[in-house]
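Engineer: The structure under discussion is supplied below as C-alpha cells; questions concerning it will follow.
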Amino acid sequence: MNVFVCLVLCHLLFVLLGGLVFTAVEKPLEEELRAEVEELRHSFLQENPCVDEGRLSKLLQKALSVHDSDVAVLKADADERRYDFISSLCFVVATLTTMGSDSYTLKSDEAKLFCIFYCTLGIPLTLFILTRLSNLLLLPVVTHAPLNHLHFYWGLPYNRAALVHAVLLTVLVVTLLFLLPTFLIFAIEPDWSLLDALFFCFVTLSTVGQGGNSLGRSWGPAAKETLELLITSYLLVGLVVILTLKDTVLEVPQVRAMMRIFSGQKYGELEGIHLNELAVNEANCEEELQYTQSICTISSTSFKLMSPCPEIHTNSTTVTPETN
C-alpha cells in the first residue's frame, strides 16, 4: 500500500511538471502570436479609417467561431472541407478509437445526441475487438513463437529470452510504425519538418489526436479521400500492433516483478500465479518459474521433485511409495 501511495504521489508530481514545462514553453509563443495579430488589426484600422472598429471585431469573432466549427469561411477553403461518406467514416473510426478528429466537428443537435449513444456502445466494443485481434492473431505469432524459439532452440534462459525478444520487437515496431511513416510524411509534405511528421505519427497512434496538423490540407479531393482511408488503416493496424507490444513487454519477468511490487499479491493471482504456494530463491534461478503441477519420477525409495530451479519449495506433501 505504501508503494502504491508513493507511485500516486510521483504521478501527481509528474503531471505538475508537465504543466509547468508546457506553460513555460508555449505561453511566450502564444503571447507573441497575439501581439502579432493585434498589430495587424491596428495597422488595418489605421489604413482604413472608414472601417468601424466594433463591427470589425464582431466580424472577426463570428468568423473565428464558424472556423472553430469546421465550416469554411473563405471561398478558397470551401472545396477542401467536404463531409461525404468517407470523411464521416474516418470520423467514426477516429472517435471509436478515442483519438478524436480535428478536421470534423459535429454541428447539429441530432448528430451530437446520436454520437453520445453510439460511442457509449461503440468505444468499449471497438477496444475489446482490437484487444481480441491482438491476442488471437498477432500474440501467438509475434510473441509466443519467437520467445519459445529463443528459449528452447537457442538455449537462452527464459528471463533473458523474454527481455531480448521485447527489446527487438520494440525496435521493430518503432521503426515500422514511427520512423518510416515519419520520413514518408516528411517527403510528401514539404511544409512540415521531421519533428512535425514524427509528432503526427505519435499523436495518431497514441490516440491523443492530430494535434492541429492536418495531413494533405492542400491536396485535391480524391487524394484527400485516399489519404484519409490510409490514415484510418494506419491507426487501426497500429493500435493492434501496440497492444501486442504491450502484452509482449508484460511477458518479461522483470516487468512482471515490478508490477507485483506496485500492485501487490493480487496481480499475481489475476495472472494465474499464487505466490503463497511458492518460496523462491531468485538468486540461484536464472530461468522463469513454470507455475504448473510438479513433475516427479518414481524411484525405489521416494518421489524426486524435478524443477527448473532447485531452490523452489512447494507446500505439497512428500509421498513415499509402499514397499512389499
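Engineer: Note down all Cβ pairs under 7 Å where the first residue falls in region 56-70 and is under 18 Å from L106 (Cα atoms), the second is at pLDDT below 75, and they're at least six residues apart or on different chains.
Structural biologist: Cβ pairs passing all conditions: A63/V73; V66/V73; H67/V73; S69/T105; D70/R81; D70/S103; D70/Y104; D70/T105.
Engineer: Name the one entry in V240, V203 that is at pLDDT 90 or above, under 21 Å from the mean Cα position of the chain (by Cα), surrounded by 14 or more Cβ atoms within 10 Å (Cβ to Cβ) and assigned to a helix (DSSP H, G or I).
Structural biologist: Values: V203 fails: at pLDDT 90 or above.
The conditions single out V240.
Engineer: Sticking with this one: Within region 56-101, restricting attention to residues that are touching a Leu at 6+ places or on another chain (Cβ under 9 Å), in a loop (DSSP other than H, G, I, E, B) and modelled with pLDDT of 70 or more, which residue is surrounded by the fewest Cβ atoms within 10 Å (Cβ to Cβ)?
Structural biologist: Only one residue tops the list, namely T98.
Engineer: I'd like to check something: does region 187-198 contain any residue that is aromatic (F, W, Y) and either touching a strand residue (DSSP E or B) at 6+ places or on another chain (Cβ under 7 Å) or not in a loop (DSSP other than H, G, I, E, B) (or both)?
Structural biologist: no
Engineer: For region 1-55, name all the residues that are farther than 30 Å from R260 by Cα, among the hydrophobic types (A, V, I, L, M, F, W, C) and either in contact (Cβ under 8 Å) with a residue 60 or more places away in the chain or in a helix (DSSP H, G or I) (or both).
Structural biologist: L20, V21, F22, A24, V25, L29, L33, A35, V37, L40, F44, L45
Engineer: In addition: Do any residues in region 106-127 that are under 15 Å from C90 (Cα atoms) have Cβ atoms under 7 Å from those of residues that are part of a helix (DSSP H, G or I), where the two are at least six apart or on different chains, and which pairs are they?
Structural biologist: If the second residue must be part of a helix (DSSP H, G or I), the pairs left are L106/K112; L106/C115; C119/T95; C119/L96; G122/L96; I123/L96; T126/L96.
The values are calculated or read from the model by the stated rules, or taken from the named source; none is laboratory data. These numbers come from a predicted model, not from an experiment. In this analysis, Cβ positions are derived from the backbone assuming ideal geometry, glycine residues included, and neighbour counts consider all displayed protein chains.
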